[in-house]
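Okay, so here's the structure we're looking at.
The values are calculated or read from the model by the stated rules, or taken from the named source; none is laboratory data. Everything numeric in this text was worked out from a predicted model, so none of it was measured. In this analysis, Cβ positions are derived from the backbone assuming ideal geometry, glycine residues included, and neighbour counts consider all displayed protein chains. Heavy atoms of the whole protein, side chains included, go into the accessibility calculation; ligands, DNA and RNA do not. Shrake-Rupley method; radii C 1.70, N 1.55, O 1.52, S 1.80 Å.
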Amino acid sequence: MTPAVPVVLISGVEDEPMAAAAIALQWDLPRAVAVRHLIDPEREVLWRIVSDASGVVERTEIDVEHACVSCAIREDVVPTLERLAADGRWETIIAQLPVTAEAVQVCRVIGWAPHQVPHVRIAASLVALSDDTLLDDLLGDDLVNERDLPVRGDDHRGVAEVACAMVEYADVVAVGDTLDAEEREVLRALVRPGVPVVESFSQVDAQPLVTGVHDHRANESWVAEVRRDALPDRDLATAWVLDFASDRPFHPERLRDAIAVLGGGPRRSRGCFWLPSRPGQVCAWDGAGGQLSVGSTEMWGRTRPLTRITVVGLDDGREELERAFASCVLTDAEMHERGPYWEVTEDGFEAWLGPIRRAA
């Protein structure tokens, strides 16, 4: 069987740095083909532009219902990668995803059905960001539909939510220019251990990316909601990391009262928690730039429930935040009097976590 063609995925929250990174890679990889996907949400169309060293190979406009990034990835991005790889003309594919589309979406689609893309190998995920707006992108409170971005008007994702998730999943992060100490430390706190942060698109070393630096299991482990391993020592001087962990659940009422404080501010927070009112559910915590998403993704099953939320910030509120988290877990008296498993019909989290199932 013909060896699979390596694919370098490029993602970001602005088109210009993504395009600059793609062009830099094309210069270093003259036998590569580049495919760029652009969404026009107003017209509900997807543009696909394919080019190589000879120029534009194809330019296609595709009608896409709803014109969202998930539709684009499912309906055209992944099939196009397989088609170009199977063509046999190119040694590498450089895939510039639609703005705000996350590489993890492509990797998971391919991971779920690898037999449908036998000629494709994800070699690297590169995130390209602007140094001019880096901290706003990672910790600010803008929504993607408040920026001049090609997204639907009803897309209420936070820019920071998207950018942080991209950085955490990345195999390499590239920015347009030199970073200051705060920017560098925030990125170091977010990226997976060993992931390089390159302070110039032209300085990205293409050959290791093509050889392959993407380890799907390692990437998924780092971005998992439930993490039990110790965090790496980042030796940070400006940014801080709070790793709050407890084997006890949060008290539902105290958590509701404190949730604006816990999920607010220019910080990135993510992890998992559990509630005594629904001890079987893994409750996911995903916050960035003062916006917080809470949901239920799976069941604990036979694994031990865990409350663990990691927060990255630059402000002076670390100690206060740690105390606020600690005040939400069940106390010794509550554990003694009522235990960690409650038989109740409501806990106030139905809107986020669904109705309470019968307690285990």
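Listed values, structure above:
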quantity: Computed FRET value (nearest 0.05) for ASP235 with TRP300, which takes r as the C-beta separation and R₀ as 30 Å; calculated: 0.35
quantity: Per-peptide average of other Cβ atoms within 10 Å, ordering 20-30, 182-192, 201-211 highest first; calculated: 182-192, 20-30, 201-211
quantity: Stretchable slack from ASP15 to SER202, in nm (0.36 nm times residue separation minus alpha-carbon distance); calculated: 65.7 nm
quantity: Heavy-atom accessible area per residue - the chain, 1.4 Å, Å²; calculated: 46
quantity: Hz values of 3J(HN,Hα) by residue in the stretch 138-150 - Karplus curve (6.51, -1.76, 1.60), Gly and Pro given as x; calculated: 8, 10, x, 9, 5, 8, 5, 7, 8, 8, 7, 10, x
quantity: Calculated from backbone phi, Karplus (6.51, -1.76, 1.60) coupling profile of the stretch 281-294 in Hz, x at Gly/Pro; calculated: 8, 7, 9, 8, 10, 9, x, 6, x, x, 10, 10, 10, 10
quantity: Computed magnitude of the charge dipole of the stretch 272-354 (debye, nearest 20; Cβ of K, R +1, Cβ of D, E -1); calculated: 380
quantity: Net charge contributed by nearby residues that have their C-beta within less than 11 Å of HIS119 (K/R +1, D/E -1); calculated: 0
quantity: Stretch gain in nm, segment TRP27-ALA218, where the contour uses 0.36 nm per residue and the Cα spacing is subtracted; calculated: 65.8 nm
quantity: Carbon + sulfur, % of accessible area of the chain - ligands and nucleic acids excluded, 1.4 Å; calculated: 48
quantity: Selection from ALA206, LEU139, LEU81 lying farthest towards where the dipole of the chain points positive, charges on Cβ; calculated: LEU81
quantity: Local electrostatic count, THR211, Cβ distance below 14 Å [Lys/Arg +1, Asp/Glu -1]; calculated: -4
quantity: Helix-only CD estimate at 222 nm, as mean residue ellipticity for the chain, using -39500 (n - 2.57) per DSSP H run (n ≥ 4); calculated: -8500 deg cm²/dmol
quantity: Tilt relative to the chain, helix 318-328 - C-alpha long axis, 0 to 90 degrees, to 10; calculated: 60
quantity: Built amide H within the under 5 Å cut-off of ARG267, gap 5+; calculated: GLY289, GLY290
quantity: Cα-centre dipole for the chain with unit charges at Cβ (Lys and Arg positive, Asp and Glu negative), debye to 20; calculated: 1540
quantity: The chain - share of DSSP beta bridges that are antiparallel (%, nearest 5); calculated: 65
quantity: Local electrostatic count, ALA165, Cβ distance below 13 Å [Lys/Arg +1, Asp/Glu -1]; calculated: -2
